[in-house]
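Trainee: Right, I'll just put the structure down here and ask away after.
The values are calculated or read from the model by the stated rules, or taken from the named source; none is laboratory data. What you are looking at is a predicted structure, and each value in this text was computed from that prediction instead of being measured. Here the Cβ is made from the backbone with ideal geometry for all residues, glycine too, and neighbour counts use every protein chain on show.
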Amino acid sequence: MKTLIVTRHAKAVESTENQSDISRGLSGKDSKYFKKIVKRLSKKTMPELIITSPAVRAFDTAKGLVNKFKKEIPIVTWDPLYDNLTNDLFEFIDSNNSDKDIIMITGHNPLLPMFIEKLTGKDPKNFPTLATAILKFDVEKWMDIKDGSGKFKKLLVPKDL
C-alpha cells in the first residue's frame, strides 16, 4: 500500500513587477494552520519524504510542515511539480526512494487538483492554500500507480480544521 499526501503551498506574497513567480515566498497568513494540518495527519500518515516544487513558496511550505512534524523528514525538489506534473512523478520516486510508502508532495494549483482527479476520479473542487489530500494506492511499487487507481481518503482544508 502506498500513500500520497498532496499539499498545496501556503499563502504566498503578491508578486511584484521585478520578481519572478518562482521566487515568491510565503505571506505568513497560513502559518497558524501548519500545526493543525500536521495534527490531522496521524502517525499512520506521517510522510517519510517530501517532494516539492522548486518555487520558494512550495519549498518553504514543506520546511514549515517538517518543523511541525518535529521529525527529520527529507525534502527533495523536483522541477515538474512547478508546472508540468505527470505520472513521471512515480518513476522519479521509484528511481530514488522506492522503499518509502508514504510521500508528500507540495505544489500548486491548478496542477494538484487536476492530478488528484486524474489519479482518483474525484475532483477536490475546493483546494485552497495549504489544502491537503490523502490518496491511497493498493500497489507494491510507485511505478504501478495508474490513472484512476487511487482512493481519495481525506481532504484537509485549513479553515475547516
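Trainee: Considering only the stretch 64-120, how many residues are touching a residue at least 40 places away in the same chain (Cβ under 8 Å), outside any helix (DSSP H, G or I), hydrophobic (A, V, I, L, M, F, W, C) and surrounded by fewer than 20 Cβ atoms within 10 Å (Cβ to Cβ)?
Mentor: 1
Trainee: Taking into account only those residues within the stretch 56-72 that are in contact with a Ser or Thr (Cβ under 8 Å, 6 or more places away or on another chain) and of a type outside the set (S, T, N, Q), which is farthest from S15 (Cα to Cα)?
Mentor: The initial filter retains those residues of the stretch 56-72 that are in contact with a Ser or Thr (Cβ under 8 Å, 6 or more places away or on another chain), namely 56, 58-59, 61-62, 64-65.
When the remaining residues are screened for being of a type outside the set (S, T, N, Q), the result is 56, 58-59, 62, 64-65.
Values: V56: 12, A58: 15, F59: 17, A62: 20, G64: 21, L65: 23 Å.
Top of the filtered list is L65.
Trainee: For the list (1) part of a helix (DSSP H, G or I); (2) closer than 20 Å to K2 by Cβ; (3) out of contact with any strand residue (DSSP E or B) (no Cβ under 8 Å at 6 or more places or on another chain), I need the number of the one condition that K35 fails.
Mentor: (2) is the only condition that K35 fails.
Trainee: Here's a follow-up. Select from the stretch 38-63 the residues that are of a type in the set (A, V, I, L, M, F, W, C), within 17 Å of A133 (Cα to Cα), touching a Leu at 6+ places or on another chain (Cβ under 9 Å) and not in a helix (DSSP H, G or I) and list them in ascending order. Outline the logic, then answer.
Mentor: Taking the stretch 38-63 and keeping what is of a type in the set (A, V, I, L, M, F, W, C), we get 38, 41, 46, 49-51, 55-56, 58-59, 62.
Filter once more, keeping what is within 17 Å of A133 (Cα to Cα): 38, 41, 46, 49-51, 58, 62.
Checking the rest, the ones that are also touching a Leu at 6+ places or on another chain (Cβ under 9 Å) come to 38, 41, 50-51, 58.
Those that are of a type in the set (A, V, I, L, M, F, W, C), within 17 Å of A133 (Cα to Cα), touching a Leu at 6+ places or on another chain (Cβ under 9 Å) and not in a helix (DSSP H, G or I): L41, I50, I51.
Trainee: Surrounded by fewer than 22 Cβ atoms within 10 Å (Cβ to Cβ), closer than 22 Å to D101 by Cα and either in contact with a Lys or Arg (Cβ under 6 Å, 6 or more places away or on another chain) or in contact (Cβ under 8 Å) with a residue 12 or more places away in the chain (or both): does that describe V13?
Mentor: Working: surrounded by fewer than 22 Cβ atoms within 10 Å (Cβ to Cβ): yes; closer than 22 Å to D101 by Cα: no; either in contact with a Lys or Arg (Cβ under 6 Å, 6 or more places away or on another chain) or in contact (Cβ under 8 Å) with a residue 12 or more places away in the chain (or both): yes.
Considered against the rule, which asks whether it is surrounded by fewer than 22 Cβ atoms within 10 Å (Cβ to Cβ), closer than 22 Å to D101 by Cα and either in contact with a Lys or Arg (Cβ under 6 Å, 6 or more places away or on another chain) or in contact (Cβ under 8 Å) with a residue 12 or more places away in the chain (or both), V13 comes out as no.
Trainee: From I37, I93, I50, grab the single residue that is of a type outside the set (D, E) and modelled with pLDDT of 95 or more. Outline the logic, then answer.
Mentor: On the way: I37 fails: modelled with pLDDT of 95 or more; I93 fails: modelled with pLDDT of 95 or more.
One residue alone meets the criteria, I50.
Trainee: Continuing with this model, one more query. Looking at (1) in contact with a Leu (Cβ under 8 Å, 6 or more places away or on another chain); (2) surrounded by fewer than 19 Cβ atoms within 10 Å (Cβ to Cβ); (3) closer than 24 Å to D160 by Cβ, find the lone condition where K29 falls short.
Mentor: (1)
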